[in-house]
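J.: Okay, handing you the structure first.
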Amino acid sequence: MAAEVANLLLSVIQGIPAGATNDDLTKALSDVPAATRVEGLNILLQQGGIEILKKGEKLVYRAKDPEKKSALPKDADNEEKIVYGIVEEGVNKGIWIRDIRMKSNLNMTQLNKILKNLETKKLIKAVKSVNASKKKVYMLYNLEPDRSITGGAWYQDQDFEVEFVDVLNQQCLRFLQMKRENAEKKRDGPLALKQLSCCTVNDVHKFISDLGISKVTLDEDDLETILKTVVYDGNAERIMQQDGSYVYRAVNLPLPPTGLVQMPCGICPVIKNCSNCGDVTAIKCQYMKEWLE
């Protein structure tokens, strides 16, 4: 009898993707005694066919993907199953303990005990986020944290690697400049110069990889981030191709400003009123005094 009820319950639960409440099950199987329904639910939980979630004050039963095997032991209690399910929903971006508490409706003492047990069993893990150094997010033990949590290649122990980024910036610029210099030596005209001096992200990625200056594995997205900093510095330009991809090209920096432009007189808005006498004079000019100092 209980096995038959379990199959009926599973059919009802599968028909409600968001999860079925006890009210839904009671309405669908009104002729089945409550004790028998509970027995059927326990069978489904032991078989791993459903999972328990908590929404507000209500328990929700949701069908599990048959191809998706849970690492949670069968002897885990309902509270552990609820917390594990909530953490699982956070995938590789994790979930804050505050959100777990709100979704599970458990008190902090009980929740901390459950989280510690799950961590001890290596079912979940706590990961520090670069966005909030004093906060931790929880995710399944076997997941690799998302870059938004770890900061990617530019962070080491939550510290931004300024020197590492500067070195990569300089080496990327050096490669672009080398490419341009080689193109200029061929003297094939301005159009050929522009084409031959352009580099793809893949070209730069190969160059940096061959240098072996990075202890961490860098992908093309990492190198494109660095190339954009070279562009922002005014040392390169980013050109869109017909297929929507981008290439990068070193640019020649403009000539340094002349001495007249560097001194205050070169950009003074009232220079026309300046003379040897009166209120506007070089002798009384505060800007000139600060520039000379």
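J.: For the condition open to solvent by 30 Å² or more (accessible area, probe 1.4 Å), at pLDDT below 80, of a type in the set (D, E, K, R) and assigned to a loop (DSSP other than H, G, I, E, B), what is the one hit in Lys69, Lys54? Walk me through how you get there before you give the answer.
T.: Values: Lys54 fails: assigned to a loop (DSSP other than H, G, I, E, B).
Only one candidate qualifies: Lys69.
J.: From the residues in the stretch 8-22 that are free of Cβ contacts under 8 Å to residues at least 24 places away in the same chain and not in a loop (DSSP other than H, G, I, E, B), which one is farthest from Lys55 (Cα to Cα)?
T.: Ser11
J.: Suppose we filter the stretch 107-122 for residues that are open to solvent by 20 Å² or more (accessible area, probe 1.4 Å) and in contact with a strand residue (DSSP E or B) (Cβ under 8 Å, 6 or more places away or on another chain); how many remain? Step through it out loud before you land on a result.
T.: First pass over the stretch 107-122, keeping only residues open to solvent by 20 Å² or more (accessible area, probe 1.4 Å): 107-110, 112-113, 116-117, 119-122.
Among the residues that remain, those that are also in contact with a strand residue (DSSP E or B) (Cβ under 8 Å, 6 or more places away or on another chain) are: 119.
Of the residues in that region, 1 qualify.
J.: Let me ask something else about it. Could you look through the stretch 114-137, keep only residues that are in a strand (DSSP E or B) and of a type in the set (Val, Ile, Thr), and pick out the one that is modelled with the lowest pLDDT? Give the steps one after another, and end with the answer.
T.: Of the residues in the stretch 114-137, the ones in a strand (DSSP E or B) are 124-129, 132-137.
Cutting the leftovers down to of a type in the set (Val, Ile, Thr) gives us 124, 127, 137.
Values: Ile124: 86, Val127: 83, Val137: 86.
Checking each candidate, the answer is Val127.
J.: Name the one entry in Leu140, Leu193, Leu223 that is modelled with pLDDT under 90, under 18 Å from Val247 (Cβ atoms) and in contact with an Asp or Glu (Cβ under 8 Å, 6 or more places away or on another chain).
T.: Working: Leu140 fails: under 18 Å from Val247 (Cβ atoms); Leu223 fails: in contact with an Asp or Glu (Cβ under 8 Å, 6 or more places away or on another chain).
Among Leu140, Leu193, Leu223, only Leu193 is modelled with pLDDT under 90, under 18 Å from Val247 (Cβ atoms) and in contact with an Asp or Glu (Cβ under 8 Å, 6 or more places away or on another chain).
J.: For the stretch 212-234, which positions are loosely packed, with under 13 Cβ neighbours inside 10 Å and in a helix (DSSP H, G or I)?
T.: Asp221, Tyr232
The values are calculated or read from the model by the stated rules, or taken from the named source; none is laboratory data. In this text the structure is predicted, and so the values were computed from the model without any measurement. Reconstructed Cβ throughout: ideal geometry from the backbone, glycine too, with neighbour counts over all protein chains shown. For accessibility, only protein heavy atoms count, side chains too; no ligands or nucleic acids. Shrake-Rupley method; radii C 1.70, N 1.55, O 1.52, S 1.80 Å.
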